[in-house]
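First the structure, in the form of structure tokens, and then the observations on it.
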Ligand SMILES: *Cc1c(COP(=O)(O)O)cnc(C)c1O
């Protein structure tokens, strides 16, 4: 730390992204990226951008329009960000302060508490139940803005649309932000509730189901008044937050629905197959609606399993926090990649069992 850093940031603990290895080649099942490349139409569109000498459209007009058509809303109900992380940061900054606190589950996307700290907000973390589900009663008339990842990460579990509706109904004077980063892999989107609830904000991303994590594109869908507030903030900070290449890529991605549906379908099948195989190996595995599995191995500690996989060339995510220390989060790859993952897992379990037998004698 330099002696120049603002005091306000002294105790800030930044978000820790999953490892992005540079030297050694790993099978990366640790950051929930798509195992599939973007659609060929996306790569072609990106290469056709010829006006890099010009600033990009600060309203992201064309991309907003194709998204609006897809979700049957108006283009002025769409706000684009440099990844949904940036959208979330704008939401915290625009709508939360000491009089408008925000609450979210204790086990959820790690960035929420980082943003709360960055913007000087209280960390109102509401514990999930023992089975990692959300207790809806905790959110009824809670007197705060509510932020829920649906499906949730890293648990993979989702709430039904009518459950989200209950939260909206009982918090009419507060915002309810639903982070739908994983919605295309299962779960019920809340977008259709926008018609009836002006306190709803749905956040989605191109990083997972649309294979564009590197392009940095995310968006919020909400009432035109909320979107106008967000734009006011954005135009006071970074009007050109979306670059022209990503805008072209994103537009082509939304238009090639067929390709992405195919990828999602294959991924869901691979997820279910991997889940069954892990359960046969006595893992505890949640019923995930996402592109990852949240799983607890039998007879070996979560961290030990994570380290063993790493030695076998496979990266998964292990969270060294209290309630989930025994679990790992495994992103779903291609069928071939998951076969390899399962083979190596069997070797690790066998080795660990053998060692325990030897030690006991
Ligand atoms: C991956 C993820 C994001 C961030 O996505 P970007 O658009 O890449 O910034 C947001 N929320 C959740 C729950 C995520 O898992």
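Quick one: which residue in 342, 315, 307, 336 is assigned by TED's automatic domain parsing to the domain that holds residue 263, over 23 Å from the mean Cα position of the chain (by Cα) and under 20 Å from residue 208 (Cα atoms)?
Exactly one residue qualifies, and that residue is 336.
For residue 187, indicate whether it is within 16 Å of the ligand (Cβ to nearest atom) and surrounded by fewer than 23 Cβ atoms within 10 Å (Cβ to Cβ).
yes
Anything in region 301-324 that is over 14 Å from residue 132 (Cβ atoms) and either surrounded by fewer than 18 Cβ atoms within 10 Å (Cβ to Cβ) or at pLDDT below 95 (or both)? List them, or say none.
Matches in region 301-324: 301, 303, 304, 307, 310, 311, 312, 313, 320.
Select from region 161-196 the residues that are under 17 Å from the mean Cα position of the chain (by Cα) and part of a loop (DSSP other than H, G, I, E, B) and list them in ascending order.
180, 181, 182, 186, 187, 188, 189, 190
Where in region 204-282 are there helices (runs of 4 or more DSSP H), lying wholly inside it, with at least 3 residues that are in the same structural domain as residue 62 (by TED's automatic domain parsing), touching a helix residue (DSSP H, G or I) at 6+ places or on another chain (Cβ under 7 Å) and modelled with pLDDT of 95 or more?
The helices (runs of 4 or more DSSP H) meeting that bar are 224-234, 244-255.
So how many residues does region 8-37 have that are within 24 Å of residue 271 (Cα to Cα), within 18 Å of the chain's Cα centre (by Cα) and part of a loop (DSSP other than H, G, I, E, B)?
Result for region 8-37: 12.
Any chance region 192-202 includes a residue that's surrounded by 24 or more Cβ atoms within 10 Å (Cβ to Cβ) and farther than 21 Å from residue 135 by Cβ?
Yes; the residues of region 192-202 include at least one that is surrounded by 24 or more Cβ atoms within 10 Å (Cβ to Cβ) and farther than 21 Å from residue 135 by Cβ.
Restrict the check to region 245-266 and report whether at least one residue is within 16 Å of the ligand (Cβ to nearest atom), under 20 Å from residue 90 (Cα atoms) and within 21 Å of the chain's Cα centre (by Cα).
Yes: one or more hits.
Output the residues belonging to region 212-240 that are closer than 19 Å to residue 153 by Cα and either surrounded by fewer than 19 Cβ atoms within 10 Å (Cβ to Cβ) or more than 12 Å from the ligand (Cβ to nearest atom) (or both).
Answer for region 212-240, where residues must be closer than 19 Å to residue 153 by Cα and either surrounded by fewer than 19 Cβ atoms within 10 Å (Cβ to Cβ) or more than 12 Å from the ligand (Cβ to nearest atom) (or both): just 213.
The values are calculated or read from the model by the stated rules, or taken from the named source; none is laboratory data. A quick note: this is a predicted structure, and the numbers were derived from the prediction, not measured. Cβ atoms come from the backbone with ideal geometry, glycine included; neighbour counts cover every protein chain shown.
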